[in-house]
Amino acid sequence: MSILPAGLTALASIVQDNTLVREFNDALFPELLYRDEAMAERWESGLGETRIMTRASLLAPVTTPLTAGADPVPVSPSYEQWVVSANQYSSSLDTSMQANWAALAPLFMRNAKTLGLQAGQSMNRLVRDALFQAYTGGDTHATAAGAAVTALPGDSVAGFTEVLVDGRPATNSPSHPKTITISGVAGTHSVTAASPTDPLVPLGPGTLTLAAAATWAVDAQVRATDAPAIIRAGGAADADGLTAVSGISLEQIRLAVAIMRRNRVPTHADGFYHVHLDPLAESQLFRDNEFQRLNQSVPDNMRYARFAVGRMLGCIFITNNESPNALNSGTLVATGRGSAEIASATGAITRNKAGVGLVRSIVTGGGSIYERWIDESAAFSSEAGYTGKVGSFSIVNGGLQVSTDRVRYILRAPQDRLQQVVSQSWSFSGGWAIPSDSGGGLSASRFKRAVTIESGSND
């Protein structure tokens, strides 16, 4: 007698031999390229839906000798905090059980594969958006000229809305202003507030309120003094300086690695930094003169055979078709500056004012992003209770579930009136946070553990 819940016995074979789970997993794992960067920590129960995470900054080197016989003076490291919120993400497909076995098993496996692919792409995109929101923020353009005024309209308010006060994020205010520079305007200026034009697009176009009146030209670059490092192809000063033929090069990769090394950013656990390349950026790299010279004398060069960079310059290169661009970044928002557009999820420019599409690659180091996850299998099953196990699945509340890479896959027994419809679902609960490192390294950047490289395209 099968211990499968009623209504699922027709699926006994593909459940018991884990065929269904493998279909889900095989589709899930290849899509988790950005998410693989995240350092996962379990969300402890009873601590609410928002967590404040804390990390001690690096201690300054000691260069003064200790007086003979004296005790060292204790020092207190500074601490930095950031916030992560828990949300649930899920999707589902329904399948009718009216088909015969020959058709039923392939249908369920196809749906499992479809859900696994969707789950992987969803996780990947959520982490991508969190990374690029942080590592492209604090860099915008004036959408209109200003003459001795305090209201500065910009492409995006991303990266201008908060400052660190004693290591804690706080909203800009007259008492806690954010320091910026404006191209063509001498000195630094202070932003006391940053407000989006549309509250439904919080990272979109908006207004920076300055502490003192200033004068600037339209298209002037506005940059926070704690903005992360951004490297642009051809040495362009801003996104508007990129053209359709501005391609990424090894020189920019080397510069990104050098910046992170100077900031004492650790490598990943594998001993390398990771370079996530948009497929167009990868193609651009293959036409780079330095790259070609390094590879022309290698017989049967596998980089060209596989069209994959592999490992170079202390980095592992990863082809990632989810790298943000004008074609895959969700809702695009016009800024009022020529053809310039931004992605609503990150506030980053996707097309500059000339209509050139921006291609973004990112070089990451260890600890560039954290994942706080809730163990749904434990949290949600504790109330229903387990009644058995079939293959990799646990039987819970009349259905089946299995957790893989912190994503829950659920096969629910029919609950419609005719007991004919079986649902397959995936679910993840948690969130991602970007830790700040303003107190460590040589640069003033708030976020130091990754460097974005921008190039251009005519997509």
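Every read-out reported here was derived from the displayed coordinates using simple, explicitly stated rules and does not represent laboratory data. Predicted, not measured: the structure shown is a model, and the values here were computed from it. We place every Cβ from the backbone using ideal geometry, glycine too, and count neighbours over all the protein chains shown.
The table below gives the values:
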| quantity | calculated |
| --- | --- |
| Cα centre as origin, Lys/Arg/Asp/Glu Cβ charges: the chain dipole, Debye | 340 debye |
| Over segment 395-459, volume per residue of the alpha carbon convex hull, in Å³ | 194 Å³ |
| Efficiency of FRET from Cβ geometry, VAL218 and PHE29, R₀ 56 Å, rounded to 0.05 | 0.75 |
| Segment 109-262: translational diffusion in µm²/s, Stokes-Einstein, Kirkwood Rh over Cα pairs, 25 °C, 0.890 mPa s | 140 µm²/s |
| Separation of the ALA12 and VAL83 label points, Cα + 7 Å toward Cβ, nm | 5.3 nm |
| In sequence order, calculated HN-Hα J values of segment 269-274 (Karplus, 6.51, -1.76, 1.60; Hz; x Gly/Pro) | 4, 7, x, 10, 7, 10 |
| Positive-end residue, the chain charge dipole about Cα centroid, Cβ charges, pick of SER344, GLY367, THR64 | THR64 |
| Estimated distance in nm for a label pair at SER92 and GLN419, the labels positioned 7 Å out from Cα along Cα-to-Cβ | 1.9 nm |
| Average projection area in nm² (convex hull over Cα atoms of segment 72-197, one quarter of hull surface) | 15.9 nm² |
| Positive-end residue, segment 182-276 charge dipole about Cα centroid, Cβ charges, pick of HIS189, GLY271, ALA237 | GLY271 |
| Helix 19-28 vs. the chain, principal-axis angle (Cα, 0 to 90°, nearest 10) | 10 degrees |
| Computed FRET value (nearest 0.05) for LEU107 with ALA186, which takes r as the C-beta separation and R₀ as 60 Å | 0.30 |
| Prolate/oblate/rounded call for segment 141-223, Cα gyration tensor, a/c under 1.5 rounded | oblate |
| Antiparallel content of DSSP bridges confined to the chain, in %, to 5 | 90 percent |
| Summed residue charge, Cβ within 15 Å of ASP198's Cβ, Lys/Arg positive, Asp/Glu negative | -2 |
| The chain - mean residue ellipticity at 222 nm from DSSP helices (-39,500 (n - 2.57) per run, n ≥ 4, rounded to 500) | -6000 deg cm²/dmol |
| Partners for LYS448 among aspartates and glutamates (Cα-Cα distance below 12 Å; same-chain residues under 8 apart left out) | ASP226, ASP437 |
| Under 20 Å from the GLN296 label point (7 Å along Cα→beta-carbon), backbone N, segment 247-287 | 247-252, 283-287 |
| Gain upon complete extension [SER173, VAL62; 0.36 nm per residue less C-alpha separation] | 36.3 nm |
| Whether segment 212-260 is rounded, prolate or oblate, judged on the alpha carbon gyration tensor where a/c under 1.5 counts as rounded | oblate |
| From the coordinates shown, semi-axes √(5λ) of the Cα gyration tensor in Å corresponds to which of (1) 62, 41, 18; (2) 33, 29, 20; (3) 43, 27, 25 | (3) |
| Net dipole in debye of segment 403-459 [+1 Lys, Arg Cβ; -1 Asp, Glu Cβ; about Cα centre; nearest 20] | 300 debye |
